[in-house]
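Participant: Sharing a structure here in structure tokens format.
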Amino acid sequence: MKSRLAAAAPWWRPTAGNLLAIRGGRPLVGTYPISGAKNAALPLMVSALLTPHLVTLRNVPANLDVAMLAALLQRLGCEMHWSTRGGDLSLTLSADRVHPGRIDADLVTRMRASVLLLGVLLARCGEARLPMPGGDAIGLRAIDFHISGLQTMGAVVTLEGGLISATAPAGLRGADIMLPQPSVGATENLLLAAVLADGTTTIRNAAREPEIADLAACLIAMGARVSGLGTHMLTVSGGAALSGAVHDVMPDRIEFGTLASAAAMTDGELMLPHGRLDLLGSAADSFAAAGVDIVKAEGGILARRGGSGLRGIDVTTQPFPGFATDLQAPTMALLTVAAGASAISETIFEQRFRHVDELRKMGADIAVHGRTARVRGVERLRGAAVTCTDVRAAAALVLGGLAASGDTLLDGLDHLDRGYDRMAEKLAACGAALARTGRE
């Protein structure tokens, strides 16, 4: 795996050490640049398979998920060139020749975004075969919506022995598709498939997350005909020959909200260049209600604890512009040290409270009833040995460790590496006392 990642993403150099040791109690002060969004970069990388021309992505986050997808795309025949000029990671992809059968199971089963290859390979090559995608263990996240939508567009799909086999014998054709739920992944998959399909495709009850609009904007720059960006109905006039494009990956709204929480939890002050309040949706109001000051300032967005301290709030995760499920875990960490009681209801994924037991080890007062977690704030968390269970849980435990008294030791750092661009390094530059280390 390491050699394949180095060949596809030579910039990927994970810091030695599989544990993260944090000495808490230090306020974060300084500048923490917000990276490009992982959840936008992955579908943008996949979109390059739709055209034989060059696609350049700028502001790409340097995380493990990007490196793994680069290795997977390389196996499919995509050539790539990386540039780190000015500290900004850029990627140019060339998919002149695509080989749909060369998919590595160990890469696919480690990342959910690989499911987007279904729509792209069907559209470009007329066939796709891949193992069931993996990713974080946060719920069933069935791909039924993806498959039924592609079938409506003329695909023949079979599932057997953990393998998805799909063909489009007469090519994909435009269709009117109603999604049962506004699934981000299904919306992206069908959008990618529709731009090369014959005829017009309408995706109703489409997800409205900013990452989808970012993907659509890149496709439009490539020559695709897409309308309805930011609404629940996307219309795609397919069949256009796509050219290349240059596109800037949108800033990571999840990293932004997470670091704003970190500033408030540690009673520090962080300047967050590239952060955008409009991308937070209703979470911006929730943070304000909880006592997190997020204000525009010269040089970016300034985040700190409000003068009246942190307060408990009630949060329900919803599709955008509602409160993002990816912000649920770091927000729970924030509320563990807020005055009063809070209730967090998770409506998107049914297994997204796995970080609760780890926060409890740090002294958090959390009780789970079904899909609602009730949090009573404590004066301070205490350091403990904890394990990261998914990408967002990893960030929540980092926040807990930064705010806790004593020492915290995080295991399972692959999850942190998957979702965040040099988080430990950037936190250290803002005064955090932390270091990666190995097991004794």
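Rule-based calculations on the coordinates, nothing more; no lab input. Note that the structure is a prediction, hence the values are computed from the model and not measured. Because the Cβ atoms are built from the backbone with ideal geometry, glycine has one as well, and the counts that use them run over all protein chains shown.
Participant: Arrange L334, L219 by Cβ neighbour counts within 10 Å, fewest through most, would you?
Facilitator: The fewest-first ordering by Cβ neighbours comes to L219, L334.
Participant: Modelling each spin label as a point 7 Å along the Cα-to-Cβ direction, I'd like the T167/V246 distance in nm, to one decimal.
Facilitator: 4.2 nm
Participant: Separate question: Modelling each spin label as a point 7 Å along the Cα-to-Cβ direction, I'd like the R374/L19 distance in nm, to one decimal.
Facilitator: The modelled label-to-label distance comes out at 3.6 nm.
Participant: Using amide H atoms built in the peptide plane, which far-off residues or other-chain residues are under 5 Å from A175 H to H?
Facilitator: T201, T202
Participant: Classify segment 290-440 as rounded, prolate or oblate from the Cα gyration tensor: take a ≥ b ≥ c as the square roots of its eigenvalues, call it rounded if a/c is under 1.5, otherwise prolate when a/b beats b/c and oblate if not.
Facilitator: rounded
Participant: Eight or more residues apart or on different chains, and alpha-carbon atoms under 24 Å: count the Lys pairs in the chain matching that.
Facilitator: 5
Participant: Looking only at segment 402-433, which residues have a backbone nitrogen under 20 Å from a spot 7 Å from the Cα of A297 in the C-beta direction?
Facilitator: Only 403, 426-433 fall inside the zone, counting backbone N under 20 Å.
Participant: Compute the convex hull volume of the Cα atoms of the chain, divide it by the residue count, and report the result per residue in Å³ as a whole number.
Facilitator: 128 Å³
Participant: May I pose another question? Calculate, in nm to one decimal, what D144 and T202 gain on full extension: separation in residues at 0.36 nm each, minus their alpha carbon distance.
Facilitator: Net length gain for the segment: 19.1 nm.
Participant: Per-residue counts of other Cβ atoms within 10 Å, averaged by peptide: what ranking do you get for 390-398, 58-66, highest first?
Facilitator: 390-398, 58-66
Participant: Hey, what number do you get for the chain at 222 nm if only DSSP H runs of n ≥ 4 count, each worth -39500 (n - 2.57), divided across all residues, to the nearest 500?
Facilitator: -8500 deg cm²/dmol
Participant: What is the ratio of the Cα radius of gyration of segment 1-128 to 2.2 N^0.38 Å, with N the residue count, to two decimals?
Facilitator: Compactness ratio reported: 1.17.
Participant: Take the chain, connect every pair of alpha-carbon atoms lying under 10 Å apart with a spring to form a Gaussian network, then pick out the residue of L416, L163, L122 with the largest mean-square fluctuation.
Facilitator: Among L416, L163, L122, the largest GNM mean-square fluctuation belongs to L163.
Participant: Additional query: For the chain, what is the percent of antiparallel DSSP beta bridges, rounded to the nearest 5?
Facilitator: Of those bridges, close to 75 percent are antiparallel.
Participant: If you don't mind, there's one more thing I want to ask. In nm, to one decimal, how far is the Q318 label point from the R97 one, both placed 7 Å along Cα→Cβ?
Facilitator: 5.1 nm
Participant: Explain nothing, just compute: Karplus ³J(HN,Hα) = 6.51 cos²θ - 1.76 cosθ + 1.60, θ = phi - 60°, for every residue of segment 212-217 in order, whole Hz, x for Gly and Pro.
Facilitator: 6, 5, 5, 4, 4, 4
Participant: Also: Using every pair of alpha-carbon atoms in segment 119-226, split the distances into 10 Å bins beginning at 0 and state the percent of pairs per bin, rounded to integers.
Facilitator: With a bin width of 10 Å, the distribution comes to 15, 47, 34, 5.
Participant: With just the Cα atoms defining each centre, how far is segment 397-440 from segment 191-238? Give it in Å.
Facilitator: What the calculation gives is 38 Å, centre to centre.
Participant: Suppose the chain between V29 and E127 were pulled fully straight at 0.36 nm per residue; how much longer would it get relative to their current alpha carbon spacing?
Facilitator: Full extension of this stretch gives 30.1 nm more.
Participant: Still on this structure: Identify, among I301, G322, L50, the residue whose Cα sits farthest towards the positive end of the charge dipole of the chain, taking +1 on the Cβ of Lys and Arg and -1 on the Cβ of Asp and Glu, with the dipole about the Cα centre.
Facilitator: I301
Participant: Using a 10 angstrom cutoff on alpha carbons, build the Gaussian network for the chain and name the most mobile of G383, G17, G419.
Facilitator: G17
Participant: So, one more: For segment 38-248, which semi-axes, largest first and in whole Å, follow from the square roots of 5 times the eigenvalues of its Cα gyration tensor?
Facilitator: 23, 20, 17
Participant: In addition: Rounded to whole Hz and in sequence order, give me ³J(HN,Hα) for segment 376-383 from the Karplus expression 6.51 cos²θ - 1.76 cosθ + 1.60, θ = phi - 60°, writing x for Gly and Pro.
Facilitator: Here the 3J(HN,Hα) series is 10, x, 10, 4, 7, 7, 10, x Hz.
Participant: Right, next: Grab the Cα-Cα distance for R382 and R75, subtract it from 0.36 nm times how many residues apart they are, and report the gain in nm with one decimal.
Facilitator: Gain on extension, R382 to R75, equals 106.0 nm.
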